[in-house]
Amino acid sequence: MSPIRSATATAIASAVLATMLTGCQFGAEEQDTSPIVIAADLELSGAAAPVGKAYQRALELKIDQLNSSGALNGRRIELTVKDNRSDASESLRNIGDFSDDSRVSAIIMGGCNECAVGAVRTVNEKRIPTIALAPASAVTTPVADRRYVFKLAPNAADNAATLTRELQRKGGIRKVAVLHSDDDYGREGLAVLRDELTKAGIRSVRAQSVRPTDTDVSQQVASVTADKPQALVLWTPPEQAMLAAAAAEQREFSGSLFLDAAAAGDLFLGASARATERATLVFTQTMVIDDVIATTPAKAARRQWFQDYTASYGGYHGSSSFAADAVQLIADAALRAGGDPGTVNRDGIRDTLETSQLDGLSGPIRMTPDNHSGLMPQALTVLVARNGRWRLAG
């Protein structure tokens, strides 16, 4: 081929390639590589700090996993955290700051019921999707007044039903005392538990409340065990449940201990091992997933989460999976919500969250326009304390 013809062929090939590249550039949608910013309002100091710190660890681990997975279509999740000091007023200030930051896609709130309920108005007015890890029903009901608020935690009615079935299964229990937290969730729990016990023919003989800040619950335990009930239900945060178990042991209480899901804390019971031996806990299977054969992809994912969390932090906290599932729900919603690249489509994220379905680390999660509390009753199971740690019952 002559030099002229060779040059001409090269020029034509270059022109075609340039045309193809130009066409691709003009025809393709611009890829969104902007970060998905998740804000977290957590109890990192104050009475609820142990649970708040467990949530923070779970958020950081799950975000690291998603960012390294390649599943975010070229995007990354960024986390910004503020301590609410276990105080509802401080929490509300944090929510206001997060809402005013146009980069924030959604908020995750910790386990403080008063904080989550107190933030409802601001969350709705600012139209920012929020997933609370607090268990009180008032966080998400009535749904019409809480369109931007969702919840990932065991529900009081489901916990009460499971606890009552277990009381019946044990047989011979006719008198039950209740120690509950003096907050929305504790009062709700007492009401629904009494309803379930009445239907089962079991008498609730006495109930006492403990304030979230109480570090000595011995007087309340003495009061509820004075009539020698056959079972004592602890419907409190984890630290107070362990204090109550120790106080019951000191009083030589011979009945059975039953713990609501909100009382779930660390897998290993440490100094509380003797006081809680043979106690029953209603919680999700992930807490003891190392006792479970991974027969499904969901169970395998839960086992892997359990192992990764334990390897990273030297132990396992039961509530960590709720925080991880909240991250997954927000990430999925942000990717599906659409909108202009580089902009945050909060309304799209809210709409997507409202119909989310996930076989999550905590169990099956289903959100609907009529129900913003996504954890299904099937997620709950019965655990028992044996030799210093929680195990699957049976």
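The values are calculated or read from the model by the stated rules, or taken from the named source; none is laboratory data. Because the structure is predicted, anything quoted here is derived from the model rather than measured. Heads up, the Cβs are rebuilt from the backbone with ideal geometry, glycines too, and the neighbour counts pull from every protein chain shown. We work out accessible area using only protein heavy atoms, side chains counted, and drop any ligands, DNA or RNA first. Shrake-Rupley method; radii C 1.70, N 1.55, O 1.52, S 1.80 Å.
Rolled with a 1.4 Å probe across the full set of protein chains, the surface gives R165 an accessible area near 140 Å². Taking all protein chains as they are arranged and a probe of 1.4 Å, the heavy atoms of E30 leave approximately 140 Å² accessible to solvent. Surface exposure of region 141-238, expressed per residue as accessible area with a 1.4 Å probe, stands at 43 Å².
Computed from phi, the 3J(HN,Hα) profile of region 374-388 under the Karplus parametrisation 6.51, -1.76, 1.60 (θ = phi - 60°) reads x, 6, 7, x, 5, 5, 8, 9, 10, 10, 9, 7, 9, 6, x Hz, with x in place of Gly and Pro. About its Cα centre, the dipole of the chain is roughly 1100 debye, where the only charges are +1 on Lys and Arg Cβ and -1 on Asp and Glu Cβ. What does the C-alpha gyration tensor say about the overall shape of region 153-229? Classify as rounded when a/c is under 1.5, otherwise prolate if a/b is larger than b/c, or oblate. Oblate shape, in that a/c is at least 1.5 and b/c is the bigger or equal ratio.
Go ahead and run the numbers for FRET between D97 and T343, Cβ-Cβ distance against an R0 of 22 Å, rounding to 0.05.
Efficiency computed from Cβ-Cβ geometry: 0.65.
Loop-located trypsin sites (Lys or Arg not before Pro) in region 222-299 (DSSP state other than H, G, I, E, B) with a sparse environment of at most 11 neighbouring Cβ atoms within 10 Å: R278. The count of lysine pairs in the chain whose Cα atoms are under 19 Å apart, excluding pairs fewer than 8 places apart on the same chain, comes to 12. Rounded to the nearest Hz, the phi-derived 3J(HN,Hα) couplings of region 362-369 under the Karplus curve 6.51 cos²θ - 1.76 cosθ + 1.60 (θ = phi - 60°) are 7, x, x, 10, 9, 9, 9, x, where x marks glycine and proline. Mean separation of Cα pairs under 8 Å and 6 or more residues apart, divided by the residue count, gives region 281-394 a relative contact order of 31 percent.
With contributions of -39500 (n - 2.57) from each DSSP H run of at least four residues, the per-residue ellipticity at 222 nm computed over the chain stands at -13500 deg cm²/dmol. Applying 0.36 nm per residue to the separation of S254 and D291 and subtracting their alpha-carbon distance, the gain on full extension is 10.5 nm. When log10 I(q)/I(0) by the Debye sum over Cα atoms at q = 0.07, 0.10, 0.13 Å⁻¹ is calculated for this entry, the matching label among (1) -0.36, -0.65, -1.03; (2) -0.50, -0.73, -0.96; (3) -0.31, -0.64, -1.09 is (1).
Rounded to the nearest 0.05, what FRET efficiency do K170 and R206 have when you use their Cβ-Cβ distance and R0 = 22 Å? Efficiency at R0 = 22 Å is approximately 0.65. Which whole-number percentage describes the relative contact order of region 95-225, with Cα contacts under 8 Å and a sequence gap of 6 or more? Normalised by residue count, the contact order of region 95-225 is 19 percent. Probing with 1.4 Å while keeping every protein chain in the model, the per residue accessible area of region 286-394 equals 40 Å².
Just the protein heavy atoms count here, and of the accessible area of region 278-364 at 1.4 Å, carbon and sulfur take up 46 percent. The GNM of the chain, with springs linking C-alpha atoms under 10 angstrom apart, assigns the highest mean-square fluctuation among Q230, Q240, Q219 to Q219.
What the Cβ-Cβ distance of A273 and A71 gives, at R0 = 41 Å and to the nearest 0.05, is a FRET efficiency of 0.55. When a 1.4 Å probe is rolled over the protein heavy atoms, the share of accessible surface on region 126-215 that falls to carbon and sulfur comes to 45 percent.
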